[in-house]
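A quick write-up on the structure given underneath.
Where a number appears in this text, it was derived from the coordinates with a stated rule and is not lab data. Source: prediction; values computed, not measured. All Cβ positions, glycine included, derive from the backbone under ideal geometry; neighbour counts span all protein chains shown.
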């Protein structure tokens, strides 16, 4: 059934100590989301087993374990009647991918978005699959841009927006638990505003809860207003009701891809 409203939850969480600990955190998040009647919740980038190439330990790739964890998450999503964007890693014949699964409130896997624009420090761990997708949850179209993609490659957000996505979720990891400072140039927070305003869509950016964060878990309106955010270092499920008026996606709909043959928007 089509609807123009969606209650979303953005889960700012600390890095998991292990895949099993991460699964416990995901289950707890889904339980919290259900208690607040959330329609869809999004977690940080590659939450299980964690993002490789950063300053915390991540267990070796284990596809069998990942498949088991995915099954558990699907089951808990169904029990709680909550959809979830579940960032994790997944192995195919191409290699190991950094992905975000979209799981419906009935526990069905609607697909996943792979991180295709991979930063240099992650290239030894992950490979792209060259595919982009738009998903629909409770009648609302959504897209996903993973970390580096949303910061440095605005085309990834535009791609979803011109195909009708009214909100783009942006799971990421930006910062450190070991070193940093309190006076970071707020480029990343400003980039979130740009992604929302240049397409006139909602932009939902979800970071880990870190000691030294470079970006804020934030929900940005189509007009570039920060609707709500989570304080640095705090674990919190940010919950907000969104209403999608006819103005959402206005500038994305006016985009003329034929004028930009090198932009990759016709694929």
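Key figures for this structure:
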| read-out | value |
| --- | --- |
| Prolate/oblate/rounded label for the stretch 18-177 (Cα gyration tensor, a/c 1.5) | oblate |
| For the stretch 110-267: rounded, prolate or oblate by the Cα gyration tensor [a/c cutoff 1.5] | oblate |
| Ranked list, fewest to most other Cβ atoms within 10 Å of each Cβ, for 110, 242, 6, 142 | 110, 242, 6, 142 |
| Residue order, fewest to most surrounding Cβ atoms within 10 angstrom, among 54, 192 | 54, 192 |
| Fewest-first sequence of 8, 227 by Cβ atoms within 10 Å of each Cβ | 227, 8 |
| Separation of alpha-carbon centers, the stretch 5-60 and the stretch 198-267, rounded to whole Å | 19 Å |
| Overall form of the chain per C-alpha gyration tensor (a/c, 1.5; a/b vs b/c) | rounded |
